[in-house]
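Take a look at the structure set out below.
The values are calculated or read from the model by the stated rules, or taken from the named source; none is laboratory data. Note that this is a predicted model, so its numbers are computed, not measured. Note: ideal-geometry Cβ built from the backbone for every residue, glycine included; neighbour counts use all protein chains shown.
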Amino acid sequence: MSNFSTTHADAAHRRLTVLVAAYNEASSLPLLHPLIRAALDDVHAAHGIETRVLYVDDGSHDATWSILQSFREQDPQVSVLRLSRNFGKEIALTAGLDQIEQGGVVILDADGQDPPALISSLVPYWLQGYDDVYGTRTNRDGELWFKRITAKWFYRVIGHLSDTPIPADTGDFRLLSERAVQALGQLRERNRFMKGLFGWVGYNRISVPYSRAPRNAGKTKFNFRGLWNLALDGITSFSLAPLRLATYTGVVAALFAFAGMAFVMIRAALYGDPVAGWPSMMAVILFIGGVQLLALGVIGEYLGRMYNESKQRPLYLVDQQLPDRSGH
Ligand code: UDP
Ligand code: MG
């Protein structure tokens, strides 16, 4: 805190942008925007920081885009971006981050689950020099027990498998410094697991606990399949452990096979070789076949992602882009 006053003096030249990715959030956005506005006015009043809001419409099919445009007409600090189709949250956030040229960024869900009022408690850490001030969920109100349990296990598993630190119970809600945003911009991989990419960047990180509110309106955009795919993307992007597991399973199976072979040979030498054991043979063949297909599947998961990467397609296409009207 000792150099707080000097950084505070620089704050007048700083900018903070709130980045919101929205997919079919027409019912939530009108509730959210006034809260963001109020939070940013507080931040401006307390620290003299220039504030902005950037909304990314991730190819919504409802009134989201026209609502965002009306925000922009009413509020000169709002800029909006529309992607050519639905690319998914991770890409939509990337598209937004790519627009940020200056200052820090707060990433916020469009449904009010990450309370905008918390922004003002993240800002002081940023002003102290932290690069990644991330919100850690202390509870998840209004989410189904199944989502809570699978999410909890997912964070435990990836925490063990990944070499990159990925804090548990931490979503995308965070404040990133300018250099962290620029670092993220250099990571152009197609399978974007943002929680891992934030961890990869490193720098000075600090966790701020918060309680995750229920959705203010509408319903979740992630079904079981979406979450499963996100989990697979996360694990394959940040760990080679599944490949190694295939190797070790093979080693263990081979050891058992050698022991079994020795047993069969010795028994045949001592007691002769009566035909026996069809059921056990079938069991072993099916088991080995299953393990082999599983290992192939694991390799395939990595290979498929390499194939996607090798196509070198752009990450997203922009349909429309309207800058803020503040003249900067
Ligand atoms: N989202 C997005 N593109 C998608 C799916 C979701 O931009 O394809 C946004 C969504 O509008 C919201 C955020 O990602 O702002 C989180 O989505 P949601 O609340 O549905 O996820 P949950 O909180 O249930 O995990
Ligand atoms: Mg949500």
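Scan the range 169-194 residue by residue and report those that are more than 16 Å from ligand 1 (Cβ to nearest atom) and within 27 Å of Asn308 (Cα to Cα).
Across the range 169-194, the qualifying residues are Ala180, Val181, Gln182, Ala183, Leu184, Gly185, Gln186, Leu187, Arg188, Glu189.
Each row is one residue, and each column tells you yes or no for (1) under 24 Å from Ser79 (Cα atoms); (2) within 16 Å of ligand 1 (Cβ to nearest atom).
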position: Asp98; (1), (2): yes, yes
position: Glu101; (1), (2): yes, no
position: Leu108; (1), (2): yes, yes
position: Leu118; (1), (2): yes, yes
position: Gln128; (1), (2): no, no
position: Arg137; (1), (2): no, yes
position: Arg140; (1), (2): no, yes
position: Lys147; (1), (2): no, yes
position: Ala151; (1), (2): no, yes
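What is the number of the single condition among (1) loosely packed, with under 13 Cβ neighbours inside 10 Å; (2) more than 15 Å from ligand 2 (Cβ to nearest atom) that Ser211 does not meet?
That leaves (2) as the condition not met.
Quick grid of which residues meet (1) within 16 Å of ligand 1 (Cβ to nearest atom); (2) farther than 17 Å from Leu97 by Cβ; (3) of a type in the set (Lys, Arg):
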site: Pro30; (1), (2), (3): yes, yes, no
site: His33; (1), (2), (3): yes, yes, no
site: His47; (1), (2), (3): no, yes, no
site: Tyr55; (1), (2), (3): yes, no, no
site: Leu68; (1), (2), (3): yes, yes, no
site: Gln77; (1), (2), (3): no, yes, no
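Would you confirm whether or not the range 223-246 contains a residue that is more than 24 Å from Phe193 (Cβ to Cβ), away from ligand 2 (no atom under 16 Å from the Cβ), out of contact with any Ser or Thr (no Cβ under 9 Å at 6 or more places or on another chain) and of a type in the set (Gly, Ala, Ser)?
no
Could you tell me which residue of the range 86-123 is surrounded by the most Cβ atoms within 10 Å (Cβ to Cβ), considering only residues that are more than 13 Å from ligand 2 (Cβ to nearest atom) and on the phi > 0 side of the Ramachandran plot?
My answer is Gly88.
Report the residue count in the range 53-92 for those that are over 20 Å from Ser27 (Cα atoms) and not acidic (Asp, Glu).
Let us first name the residues in the range 53-92 that are over 20 Å from Ser27 (Cα atoms), namely 76-77, 84, 87, 90-91.
With not acidic (Asp, Glu) added as a condition, the list becomes 76-77, 84, 87, 91.
Of the residues in that region, 5 qualify.
Looking at the range 305-328, I want the residues that are of a type in the set (Ser, Thr, Tyr) and have a partner that is in a loop (DSSP other than H, G, I, E, B) and surrounded by fewer than 12 Cβ atoms within 10 Å (Cβ to Cβ) with Cβ atoms under 8 Å, at least 6 apart or on another chain. Which pairs are those?
Taking only residues 6 or more apart or on different chains, the pairs are Tyr316/Ser84.
For the range 195-205, enumerate the residues that are away from ligand 1 (no atom under 16 Å from the Cβ), in contact (Cβ under 8 Å) with a residue 60 or more places away in the chain and crowded, with 16+ Cβ neighbours inside 10 Å.
Val201, Arg205
Enumerate the pairs (first residue in the range 13-39 and more than 20 Å from Arg85 (Cβ to Cβ); second residue anywhere and within 12 Å of ligand 1 (Cβ to nearest atom) and basic (Lys, Arg)) with beta-carbon separation below 8 Å, excluding pairs fewer than 6 apart on the same chain, so at least 6 apart or on different chains.
So the pair list comes out as Ser28/Arg215.
Answer yes if at least one residue in the range 122-138 is in a helix (DSSP H, G or I) and at pLDDT below 85, and no otherwise.
The answer is no; no qualifying residue exists.
Could you figure out which of (1) modelled with pLDDT under 90; (2) touching a strand residue (DSSP E or B) at 6+ places or on another chain (Cβ under 6 Å); (3) under 22 Å from Gln186 (Cβ atoms) isn't true of Glu101?
So the condition that Glu101 fails would be (2).
Keeping to the range 179-194, report how many residues are surrounded by fewer than 18 Cβ atoms within 10 Å (Cβ to Cβ) and either closer than 26 Å to Tyr125 by Cα or in contact with a His (Cβ under 7 Å, 6 or more places away or on another chain) (or both).
Here the count works out to 5.
What residue, of Gly218, Gly260, is within 36 Å of the chain's Cα centre (by Cα), surrounded by 12 or more Cβ atoms within 10 Å (Cβ to Cβ) and modelled with pLDDT under 85?
Gly218 is the lone residue from the list that is within 36 Å of the chain's Cα centre (by Cα), surrounded by 12 or more Cβ atoms within 10 Å (Cβ to Cβ) and modelled with pLDDT under 85.
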